[in-house]
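Participant: For reference, the structure I am asking about is given below.
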Amino acid sequence: MSTIYILWLREIKKYLRARSRIIGALGQPLLFLLAFGYGFGAVFRQAGKGNYFDILGPGIIMMSVLFTGIFSGISIIWDRQFGFLKETMVAPVPRWQIMLGKTLGGATIAVFQGLIVFLLSLIVGFRPQSLLMLPLAGMFVILIAIIFTSMGVAIASSITDMQGFQLIINFIVQPIFFLSGALFPLHGLPRAMEIVTQIDPLTYGVDGLRGALIGVTKFGMHTDLIVMTVLAVILLGVGSYLFERIQA
């Protein structure tokens, strides 16, 4: 298990050393919070729907976790190109431990990024209903971080080209984000849109986080928690399988 800890710690140290990466990763969430929050906030209030930041805040937090987690898989391609992955793979440890260490490291970074965005959302106007629900909210954030970091690792294990990885990830994450209900309430959607949101894994993370922070949920927090736990286990298994077959 020391291998998992070492790789987990290595991913975190790399992230903390790259201060420009931390600042750069906050640009898009902050833009969404300001542009959408203040741009649509007045319209949302005039329609009698309350504070739009209550809907937007959890969605943008999960957006940050999604992007940070899934793009962390690029470190595998980076390590492969510079030979570090080959040195790691020849170590006398199971490959699933290597994969798990990298996944936990990337997920920890994604959770940390989500925490920063949560603090930013408080500054611009988001208000959680109860601080006692913050641990449950943290659980939803952790599960989403594991799900999408595992997905990023799985994709990176099958691709050797960094540009190809970025193209595929961008093709995947944009629909996942925009169809998850992160920018709009899940209630009252057309039937076709409702079906699409139900097959989007991020939907359950956004819904669960909203339930924990503002008490509004479409599927129920128990359903969200079960679905995300199952997805996390499946994607960890898929990521481990593909990482076992990787050629360093």
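Participant: Can you list residue pairs whose Cβ atoms sit under 9 Å apart, with the first residue in the stretch 71-86 being over 23 Å from Val111 (Cα atoms) and the second being among the acidic types (Asp, Glu)? Count only pairs 6 or more apart in sequence or on different chains.
Facilitator: Cβ pairs passing all conditions: Leu85/Asp79; Lys86/Asp79.
Participant: Continuing with the same structure: Checking the structure you have, find out if any residue of the stretch 116-137 is under 10 Å from the mean Cα position of the chain (by Cα), crowded, with 24+ Cβ neighbours inside 10 Å and within 30 Å of Tyr52 (Cα to Cα).
Facilitator: As a first pass, look at the stretch 116-137 and keep what is under 10 Å from the mean Cα position of the chain (by Cα): none.
Scanning the stretch 116-137, I find no residue that is under 10 Å from the mean Cα position of the chain (by Cα), crowded, with 24+ Cβ neighbours inside 10 Å and within 30 Å of Tyr52 (Cα to Cα), so the answer is no.
Participant: Then there is this: Can you pull out the residues in the stretch 158-189 that are within 27 Å of Leu33 (Cβ to Cβ) and in a loop (DSSP other than H, G, I, E, B)?
Facilitator: Residues satisfying the conditions are Leu179, Ser180, Gly181, Ala182, Leu183, Phe184, Pro185, Leu186, His187, Gly188, Leu189.
Participant: Show me the helices (runs of 4 or more DSSP H) found entirely inside the stretch 42-155 where at least 1 residues are in contact with a Leu (Cβ under 8 Å, 6 or more places away or on another chain) and either modelled with pLDDT of 90 or more or among the charged types (D, E, K, R) (or both).
Facilitator: Result: 52-71, 74-81, 95-124.
Participant: While we're looking at this one, here's another question. Given the options Thr197, Thr160, name the one that is modelled with pLDDT of 85 or more and not hydrophobic (A, V, I, L, M, F, W, C).
Facilitator: Just one listed residue meets the conditions, Thr197.
Participant: Still on this model: Are there any pairs with C-beta distances below 9 angstrom linking a residue in the stretch 163-191 that is under 17 Å from Tyr52 (Cβ atoms) to a residue that is acidic (Asp, Glu), with the two at least 6 apart or on different chains, and if so which?
Facilitator: Ser180/Asp200; Ser180/Asp207; Gly181/Asp200; Gly181/Asp207; Leu186/Glu194; Leu186/Asp207
Participant: Another one. Where the second residue is crowded, with 23+ Cβ neighbours inside 10 Å and of a type outside the set (Phe, Trp, Tyr) and the first is without any contact (Cβ under 8 Å) to a residue 40 or more places away in the chain and assigned to a helix (DSSP H, G or I) and lies in the stretch 209-230, which pairs have Cβ atoms under 8 Å and are six or more apart or on separate chains?
Facilitator: Once the first residue is without any contact (Cβ under 8 Å) to a residue 40 or more places away in the chain and assigned to a helix (DSSP H, G or I) and sits in the stretch 209-230, its partners that are crowded, with 23+ Cβ neighbours inside 10 Å and of a type outside the set (Phe, Trp, Tyr) give Gly211/Asp224.
Participant: So which residues in the stretch 191-208 are acidic (Asp, Glu) and crowded, with 16+ Cβ neighbours inside 10 Å, if there are any at all?
Facilitator: Asp200, Asp207 - these are the residues of the stretch 191-208 that are acidic (Asp, Glu) and crowded, with 16+ Cβ neighbours inside 10 Å.
Participant: Could you check, for the stretch 81-100, whether at least one of its residues is buried (at least 17 other Cβ atoms within 10 Å of the Cβ) and of a type in the set (Gly, Ala, Ser)?
Facilitator: Checked against the condition, which is being buried (at least 17 other Cβ atoms within 10 Å of the Cβ) and of a type in the set (Gly, Ala, Ser), the stretch 81-100 yields no hits at all.
Participant: If you take the residues of the stretch 161-184 that are over 15 Å from the mean Cα position of the chain (by Cα) and among the aromatic types (Phe, Trp, Tyr), which of them is surrounded by the most Cβ atoms within 10 Å (Cβ to Cβ)? Talk me through it step by step, then tell me what you get.
Facilitator: Applying the first criterion (over 15 Å from the mean Cα position of the chain (by Cα)) to the stretch 161-184 yields 161-168, 171, 183-184.
Cutting the leftovers down to among the aromatic types (Phe, Trp, Tyr) gives us 165, 171, 184.
Numbers: Phe165: 21, Phe171: 9, Phe184: 19.
In this case the residue turns out to be Phe165.
Participant: So how many residues does the stretch 26-70 have that are free of Cβ contacts under 8 Å to residues at least 12 places away in the same chain and under 30 Å from Met162 (Cα atoms)?
Facilitator: Looking only at that region, the number is 2.
Participant: I've got another one for you. Which one is surrounded by the fewest Cβ atoms within 10 Å (Cβ to Cβ), of the residues in the stretch 209-248 that are of a type in the set (D, E, K, R) and out of contact with any Gly (no Cβ under 6 Å at 6 or more places or on another chain)?
Facilitator: Arg245
The values are calculated or read from the model by the stated rules, or taken from the named source; none is laboratory data. Fair warning: this is a prediction, and the values are worked out from it, not measured in the lab. Don't worry about glycine lacking a Cβ; one is built from the backbone with ideal geometry, like all the others, and counts go over all protein chains shown.
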